[in-house]
Amino acid sequence: QVQLVESGGGLVQAGDSLRLSCAASGRTFSMYCMAWFRQAPGKEREFVAAISWTGYYTYYADSVTGRFTISRDNANNTMYLHMNSLKSEDTALYYCAAGRQAGRRGVNEYAFWGQGTRVAVSS
């Protein structure tokens, strides 16, 4: 099992950048494929980005491609989401998730979840 804790959220203005972190417990972090999801008020949780075990493969939702970058540091059991050119529509609660298969985009395909960190972008 792995426990996940997100951090780095906050209130920013449109066009700003922000970096989210996801700290994982346990020694098996490198065995999991990781992902970021987000959930805006009144909407379903949606896929944002995913990264393979080694970090070699990355996957993005169309809405964030070119603006967000996912990365991971297996030595420190941490995953990141670098968010640039933020828009008001990026406002959401951001979750990190761990699963066994790389690049999956479905909520049900990830077994472990953090509690979320809130990102608010003012226009």
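For S30 and R45 in the same chain, what is the full-extension length gain: residue separation times 0.36 nm, less their Cα-Cα distance, in nm?
Working: separation 15, 0.36 × 15 = 5.40 nm, distance 2.47 nm.
Here the answer is 2.9 nm.
With each label point set 7 Å from Cα along the Cα-Cβ vector, what nm distance links D16 and S85?
1.9 nm
I want the local charge near G114. Using Cβ-Cβ distances under 13 Å, sum +1 for each Lys or Arg and -1 for each Asp or Glu among the other residues.
On the way: positive: R38, R45, R118; negative: E6.
Summing Lys and Arg as +1 and Asp and Glu as -1 gives +2.
Accessible area per residue, 1.4 Å probe, Å², for the chain: what's the number? The partial results should precede the final answer.
Values: 6490 Å² over 123 residues.
Here the per-residue accessible area is 53 Å².
Leaving out ligands, DNA and RNA, and with a 1.4 Å probe, what % of the accessible surface on the range 11-123 is carbon or sulfur? Each step should come with its number before you reach the end.
Details: 2710 of 5890 Å².
With neighbouring chains kept in place, the figure for the range 11-123 is 46 percent.
Run the simple label-point estimate for N74 and R105 please: 7 Å along Cα→C-beta, distance reported in nm.
2.6 nm
Under unit Cβ charges (Lys, Arg +1; Asp, Glu -1), what dipole magnitude, rounded to 20 debye, does the range 1-112 have relative to its Cα centre?
Working: 11 positive and 9 negative charges, 46 e Å.
Charge dipole, the range 1-112, about its Cα centre: 220 debye, nearest 20.
Cut-off 10 angstrom, C-alpha nodes, Gaussian network model of the chain. Which of N108, N76, N84 fluctuates the most?
Highest fluctuation of the listed residues: N108.
With every protein chain in place, what's the accessible area of E109 (1.4 Å probe, Å², nearest 10)?
The value for E109 is about 80 Å².
The values are calculated or read from the model by the stated rules, or taken from the named source; none is laboratory data. Computed from a predicted structure; not experimentally measured. Every residue, glycine among them, receives a Cβ derived from its backbone with ideal geometry; neighbour counts consider all protein chains shown. These area figures cover heavy atoms from the full protein model, side chains too; ligands, DNA and RNA do not enter into them. Shrake-Rupley method; radii C 1.70, N 1.55, O 1.52, S 1.80 Å.
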